[in-house]
Amino acid sequence: MDDRPLLLFDSGVGGLSVLAATQTLLPRAPLVYVADSAGFPYGTKSELEIAARVPALLGRLAERYGPRLIVIACNTASTIALGAVRAALDLPIVGTVPAIKPAAAISETRVIGVLGTDATVRQPYVDDLAARFAGDCIVLRHGSAALVELAEAKLQGERRPIAEYRAAIAGLFDQPGGERIDVVVNACTHFPLVAEELAEAAPHPVRFIDGAPGIARRVAHLTEGQDWPETPLHRAVFTRFGDAERHLAPALARYGINRAESL
């Protein structure tokens with residue numbers, strides 16, 4: 001039986017939203033979830049820092065865990081380092097990109113919001129997606145490091161007031177035309193983890209969408225026909241293992257991850 005895992009990589013816990021979608025389609029797949037806690041957060045780092053860090057780290061992880069496929073479950077890392085990782089590693093690499101195409105398909109007002117990290121929303125890749133798939137739409141963007149921190153805090157068991165979420169997304173809706181946004185792309189894998197809070201914090205009803213289901217379908221396609229173990233084992237790996245990571249144990253257990261270790 002082939003017990004090689006799928007390896008999912010993010011700077012923090014955001015990639016768990018992609019992991020959950022993947023588990024739905026591939027319930028027997030063994031999973032290694034990697035959080036680069038020593039490098040967190042990526043969204044406030046420079047492109048040069050991320051471009052140097054991510055390929056080197058994924059090379060070490062591929063050597064240690066021997067995955068059959070790697071998912072970069074992080075929009076920031078994908079938009080900056082996906083090409084370099086694919087060039088360096090001889091195995092399938094699935095990236096994460098903002099779900100602008102499906103957002104444009106369902107928007108009625110033709111005004112779309114893109115909510116991500118500062119590093120993601122300023123990438124030329126986002127310009128290209130908007131031009132190719134949302135050419136008849138106004139695409140408003142906002143980067144929020146605070147929202148990433150709120151998602152991390154939630155998974156550590158900490159409840160934050162909804163006012164903090166309102167403040168984190170105000171920069172999107174306060175832009176000219178923001179009152180017409182009817183679809184928001186969660187262009188950071190952390191943000192689906194606080195979907196209920198985002199819906200409550202939004203100043204008017206909007207639909208939030210993300211790319212996790214599409215990523216899971218891509219992984220299922222690339223592994224179609226492969227063998228899986230009868231009883232998959234899952235583990236979490238952190239590049240720094242401290243109190244914050246220990247506090248994630250209950251949240252990880254909800255995803256079937258009962259083993260955590262340091263790289």
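The values are calculated or read from the model by the stated rules, or taken from the named source; none is laboratory data. Just so it is clear, the structure is predicted and the values come from calculations on it, not from any experiment. Positions of Cβ are backbone-derived with ideal geometry, glycine not excepted, and every protein chain shown enters the neighbour counts. These accessible areas exclude ligands, DNA and RNA; they are computed on the full protein's heavy atoms, side chains included. Shrake-Rupley method; radii C 1.70, N 1.55, O 1.52, S 1.80 Å.
Out of 152, 164, report the one residue that is surrounded by 21 or more Cβ atoms within 10 Å (Cβ to Cβ), acidic (Asp, Glu) and part of a helix (DSSP H, G or I).
On inspection, the qualifying residue turns out to be 152.
Cβ separations smaller than 8 Å between residues 6+ apart or across chains give no pair from the range 214-235 residues that are among the β-branched types (Val, Ile, Thr) to residues that are assigned to a loop (DSSP other than H, G, I, E, B) and open to solvent by 80 Å² or more (accessible area, probe 1.4 Å). Exactly one residue out of 28, 53, 60, 64 is of a type in the set (D, E, K, R), farther than 18 Å from residue 239 by Cα, open to solvent by 10 Å² or more (accessible area, probe 1.4 Å) and over 15 Å from the mean Cα position of the chain (by Cα): that is 28.
Regarding residue 176, is this residue assigned to a helix (DSSP H, G or I) and modelled with pLDDT of 95 or more? Against the criterion (assigned to a helix (DSSP H, G or I) and modelled with pLDDT of 95 or more), residue 176 does not qualify. Within the range 182-219, count every residue that is buried (at least 23 other Cβ atoms within 10 Å of the Cβ), among the β-branched types (Val, Ile, Thr) and in a loop (DSSP other than H, G, I, E, B). Count: 1. Go through (1) out of contact with any strand residue (DSSP E or B) (no Cβ under 9 Å at 6 or more places or on another chain); (2) open to solvent by 20 Å² or more (accessible area, probe 1.4 Å); (3) outside any loop (DSSP other than H, G, I, E, B); (4) under 30 Å from residue 166 (Cα atoms) for residue 87 and report which single condition fails. With respect to (1) out of contact with any strand residue (DSSP E or B) (no Cβ under 9 Å at 6 or more places or on another chain); (2) open to solvent by 20 Å² or more (accessible area, probe 1.4 Å); (3) outside any loop (DSSP other than H, G, I, E, B); (4) under 30 Å from residue 166 (Cα atoms), residue 87 is out only on (4).
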